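Every number in this text was worked out from the coordinates using simple rules, so none of it is lab data. Everything numeric in this text was worked out from a predicted model, so none of it was measured. Glycine gets a Cβ as well: all are built from the backbone with ideal geometry, and neighbour counts include every protein chain shown.
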Amino acid sequence: MSEESSVTSNRKLVLPGDLMETKSKPGKGIFRSEGRIHSSVVGYSNDKSGYINVNAIAGRYSPKVGDKIIAICVETGPSIWRMDIGASFNSTLHHSESSWKVPFGDTARFLAIGDAIWAEIFMVDAAGTHQISLKKDDCRKLYSGTIVKVNPTNVTRVIGMQGSMISLIRDNTKTRIQIGQNGYVWIDGEGKDIALAQEAIETIDREATSEGLTKKIEKLLEK
Amino acid sequence: MAGQTDMELIKNGIRMDGRKPDELREVKIVAGVLDNADGSCYLEWGNNKVYAGVFGPMECHPRHKQKADRAIVQARYTMAPFSVNDRKRPGLDRRSTEISYIVSQAFEKVVMVEDFPKASIRVDMQVVEAHAGTRCAALTAASVALADAGIPMRDMIPSCAAGKVNDVVVLDLNKEEDNYGQADLPLAIIPSTGEVVLLQLDGHLTPDEFEQAMDLATSGCMELYKKMRHALENSYGGKA
């Protein structure tokens with residue numbers, strides 16, 4: 001079974017307001033009105049294990065606790081950094097959640113505007129604000145390399161089944177790649193390798209809904 | 001509305017552009033035309049040409065406009081200087097401020113604003129060519145752009161006008177009918193529930209004619225809704 005056929009087989013495109021004929025419980029991308037379930041976004045519906053979900057095709061990243069993401073510094077305060085993670089709001093990184101001992105007011109010495117990190121989301125509240133942490137597992141500051149932004153809804157496509165797509169790109173371009181759940185992708189390696197990997201990832205992002213993507217990428221990487 | 005003309009706007013039940021009274025102008029909708037916007041749409045409706053781009057949800061600025069419990073929709077309707085016969089002075093004027101406001105109000109009824117506290121959803125509509133009915137065209141285009149941006153909403157809202165020309169109630173007025181007709185009634189509805197989210201009336205209609213115009217505009221909206229769906233299905237290469 002190739003990856004494409006399993007993605008394309010049982011999918012159904014739904015639009016906002018579409019009535020969902022199902023007995024399952026509502027999951028994400030769904031709203032209830034008069035006891036009936038409707039889709040709230042453009043996406044593919046998916047009805048399994050008692051829940052109906054609509055996976056949106058477009059839209060900004062909505063942070064979830066535990067997600068590994070790539071964040072870019074956009075503002076520094078006396079004891080915090082404001083980080084862009086591609087969500088509706090910028091995320092906060094408090095100095096106590098970093099791996100450094102930061103003197104008050106000296107944040108920019110460790111993380112200046114434009115610097116990127118590999119971090120984890122550790123708090124999201126109802127008001128939509130969120131905080132990230134550098135203290136978990138392999139979280140760190142990213143030196144060298146480049147960052148490519150893809151649509152967060154296409155992250156699963158970039159990774160592929162059990163990481164098939166991403167290891168294809170890694171093996172063929174000899175680059176180091178880390179994919180944040182927010183759709184920011186970090187690529188490090190030789191200049192021309194990065195360019196090739198970037199082209200491959202951008203192609204996946206652009207043609208995420210098309211079929212036969214793996215073959216196309218294989219061909220692109222052979223060049 | 002008040003203009004005078006010798007033109008025969010309607011003759012033997014056929015309008016001057018060859019349409020029947022209950023016929024829409026030709027509509028073409030393309031979703032996802034702009035790369036830099038989160039969602040976008042290009043719409044041609046008769047001679048009207050409109051672009052709509054959506055950004056967000058994002059942090060609302062200025063801060064005093066933030067709502068602690070929900071998002072706001074900041075719509076902005078503008079007409080290009082070359083969109084009309086007499087050059088239009090660019091920028092906001094009384095008319096575009098009004099249209100921006102009513103479009104914001106309409107969208108706050110369908111967009112799930114309660115999911116994004118303190119946020120703002122920017123909807124920018126640019127009329128490139130105007131030929132009557134641009135507020136309906138802009139609202140329809142913005143609706144498709146919002147769906148294209150992946151913003152959760154209860155439904156898309158189509159918008160269409162009806163009016164009165166030579167004592168006949170007609171659907172979707174063109175430029176001449178708008179300028180020299182007797183009434184213009186733009187309407188926007190939520191197709192799944194039939195709720196009205198925008199209704200204006202310029203000119204005079206009797207209660208009977210009003211009912212008739214409402215029915216006509218509603219059917220126009222439903223027809224338009226099919227085209228909006230079609231545009232999104234095309235752009236995502238799937239079947240709904």
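Per-structure values
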quantity: Residue under evaluation B:ASP86, criteria (1) touching a residue at least 60 places away in the same chain (Cβ under 8 Å); (2) assigned to a loop (DSSP other than H, G, I, E, B); (3) among the acidic types (Asp, Glu), criterion not met; calculated: (1)
quantity: Tally, over the stretch B:161-189, of residues that are within 30 Å of A:TYR44 (Cβ to Cβ) and in contact with a Gly (Cβ under 8 Å, 6 or more places away or on another chain); calculated: 0
quantity: Inter-residue pairs, beta-carbon under 7 Å, first within 21 Å of B:LEU43 (Cβ to Cβ) and in the stretch B:100-126, second assigned to a loop (DSSP other than H, G, I, E, B), 6+ apart; calculated: B:ALA106/B:ILE157; B:VAL110/B:ARG154; B:VAL110/B:ASP155; B:VAL110/B:ILE157; B:VAL111/B:ILE151; B:ILE121/B:ALA71; B:ILE121/B:ILE151; B:GLN126/B:ALA80
quantity: So A:LEU213, is it without any contact (Cβ under 8 Å) to a residue 60 or more places away in the chain and either within 14 Å of chain B (Cβ to nearest Cβ) or more than 16 Å from the chain's Cα centre (by Cα) (or both); calculated: no
quantity: Unmet requirement for B:VAL169, which otherwise passes all of (1) touching a residue at least 60 places away in the same chain (Cβ under 8 Å); (2) within 18 Å of the chain's Cα centre (by Cα); calculated: (2)
quantity: Candidate set from the stretch A:43-72 (those that are closer than 26 Å to A:SER91 by Cβ and of a type in the set (Val, Ile, Thr)); member that is nearest to the chain's Cα centre (by Cα); calculated: A:ILE69
quantity: Qualifying residue in the stretch B:114-126 (condition: touching a strand residue (DSSP E or B) at 6+ places or on another chain (Cβ under 8 Å) and more than 20 Å from B:ALA149 (Cα to Cα)); calculated: no
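Table: residues versus (1) more than 22 Å from B:PRO62 (Cα to Cα); (2) more than 11 Å from the chain's Cα centre (by Cα).
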position: B:MET112; (1), (2): no, yes
position: B:ALA119; (1), (2): no, yes
position: B:VAL123; (1), (2): no, yes
position: B:GLN126; (1), (2): yes, yes
position: B:CYS136; (1), (2): yes, no
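Per-residue answers, yes or no, for (1) within 23 Å of A:ILE30 (Cβ to Cβ); (2) aromatic (Phe, Trp, Tyr); (3) within 14 Å of another protein chain (Cβ to nearest Cβ); (4) crowded, with 24+ Cβ neighbours inside 10 Å:
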position: B:ASP124; (1), (2), (3), (4): no, no, no, no
position: B:CYS136; (1), (2), (3), (4): no, no, no, yes
position: B:ALA183; (1), (2), (3), (4): no, no, no, no
position: B:VAL197; (1), (2), (3), (4): yes, no, yes, no
position: B:PHE210; (1), (2), (3), (4): no, yes, no, no
